[in-house]
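Remarks on the structure that follows.
Quick note: the coordinates plus some simple rules give every number you see, no bench work behind them. The structure presented is a predicted model; accordingly, all values stated were derived computationally and were not measured. Cβ: placed from backbone, ideal geometry, glycine included. Neighbour counts: every protein chain shown.
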Amino acid sequence: MSKDFRLIALAATLTVSALVLVGCSFGGAAESSADPSEGGAQKALDAAYAGVRADSSLASVDFTEDVQNVAIISCSLAIPSCAASAQAVSDAVVLAGWWPMVFDGGDPAGTGQAIRAAVALAATVIVMIDANCKGLEVPFDEVALSGIPVTALGGDDDCTPQRLAAVTRWTPDNAVGMRQTLVGELQADYAFGKIGGEVNALVLTVAGDPTTTKIANSFAAKLTKLGAGKVAQTLELTAGEVADKTFTTKVVEAAKSSGANAIIVPADEWLTTGGLAAAIARDAKTAKLVVVGYGGTATALDLIRSGRAGLTATVGQAFDWMGWGAVDAIVRVYAGAPTVVIGDAMQVIDADHNMPETGKYTGGVDAQEKYTALWVRPAPTPTPMSTTSATTNNGN
């Protein structure tokens, strides 16, 4: 790639990122715990701590010599898990030596526009985060005419005929995009196990948002399966309320009026930078509630480590692992090799379980080291040694 083209790609990256800001990621598990519905609260708690962890021995693959201009088209970046997923892929793309562009796909119409924008900005490969193929056949056909391969991180190639070059999977049977279902299930396991009796939960969502709604629905379904209580109230918030932090008072009041003994939150950031944990801790009637988040961010884990009220536990997700797995899928597409299951990890973290010493949740894996060790790069061309010899002036 020429220097001028790299500068153009970098400018496009900065422009897109400035406009849209800069997850997802899961499926079933090779090491999933047993269904706790047959046991009691302790079995559910054990299941929450065990979570899901899948890893696999991956084959080495030739790393493409061409620098890639990678368009990352995400589910709504207003949802922290989507933003974290996009950021993880972007970071891995940069460290692999390529150029990232991040687009906020949002709804299907926005996703189609983002696909066309990626083509216009000279993307050489597209990564879709949490978007199924169905409903996007026309823009994907336009991409195919441009010769740009598309890989999926979350979602499935459910078109006929199929349109995607690769679908990144967590385990052989489950696409990465199942993560929201698993988040809700683990939150239900933990709430039941921690409370040790009937759960009466306040569940938070964003109105019309599929990511938070899937988590909420999964939590309610698993709670019913466990016979562990009920959802006292599902509180639909607006994106605007979350952004300006006015939602905190609304949540605290709903928790008190509903008689909740647990609050289920779909994003750690709502609790930390959003101020919800502090608001819960300030009110004597909510300070002792079990509060379960999602993400495993460093700030959330610091709060849990401190033992302060407002956040009891969170479902940690190894976003970095997912991001590097997405880049590995691109490498294998260009090498003509089959896509492999990337593995990943998701567990409930509280002060006494699964807590890393510092920083965010990683699943115990250095993802960069894991994947770069698999990529066989061309040996550099040796620089010729100078053969110029000095001459001596003897005065003749």
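Quick notes on this structure:
- Within-14-Å neighbourhood charge of Ser57 [Cβ basis; K, R +1; D, E -1]: -1
- Extension gain, Arg305-Ala278: 0.36 nm per intervening residue step, less the Cα-Cα distance, totals 8.2 nm.
- Projected-area average for region 68-160 over all orientations - Cα convex hull basis, square nanometres: 5.3
- In summary, region 179-317 shows an alpha-carbon radius of gyration equal to 0.92 times the 2.2 N^0.38 Å reference for compact globular proteins.
- Between region 117-173 and region 275-346, the C-alpha centres lie 26 angstrom from each other.
- A viscosity of 1.306 mPa s and a temperature of 10 °C, combined with the Kirkwood radius over Cα pairs in Stokes-Einstein, give a translational diffusion coefficient for region 199-238 of 156 µm²/s.
- Mean Cβ neighbour count within 10 Å, used as a protection proxy, ranking 214-220, 203-209 highest first: 214-220, 203-209
- 3J(HN,Hα) couplings calculated from phi for region 139-150 with the Karplus curve 6.51 cos²θ - 1.76 cosθ + 1.60 (θ = phi - 60°) are, in sequence order, x, 5, 5, 5, 5, 4, 5, 7, x, 9, x, 10 Hz; Gly and Pro show x.
- Qualifying aspartates and glutamates (Cα of each under 12 Å from Cα of Lys43; at least 8 residues distant if same chain): Asp35, Asp189
- Of all aspartates and glutamates in the structure, those lying under 19 Å Cα to Cα from Lys360, and not within fewer than 8 positions of it along the same chain, are Asp91, Asp268, Glu269, Asp302, Asp320, Asp344, Asp350, Asp352, Glu369.
- Taking 20 Å as the straight-line reach from the Cα of Lys250, the lysines in range (excluding those fewer than 8 positions away in the same chain) are Lys285, Lys288.
- Here the label points at Glu236 and Ala109, each 7 Å from Cα along the C-beta direction, are separated by 1.9 nm in the simple model.
- Listed peptides 298-307, 351-360, 80-89, 244-253 by packing density, highest first (mean Cβ within 10 Å): 80-89, 298-307, 244-253, 351-360
- Diffusion constant of region 311-386 at 20 °C, which comes from Stokes-Einstein with the Kirkwood Cα-pair radius and 1.002 mPa s, µm²/s: 143
- Rounded FRET efficiency, nearest 0.05, which uses the C-beta distance separating Lys250 from Ala144 and R0 of 41 Å: 0.35
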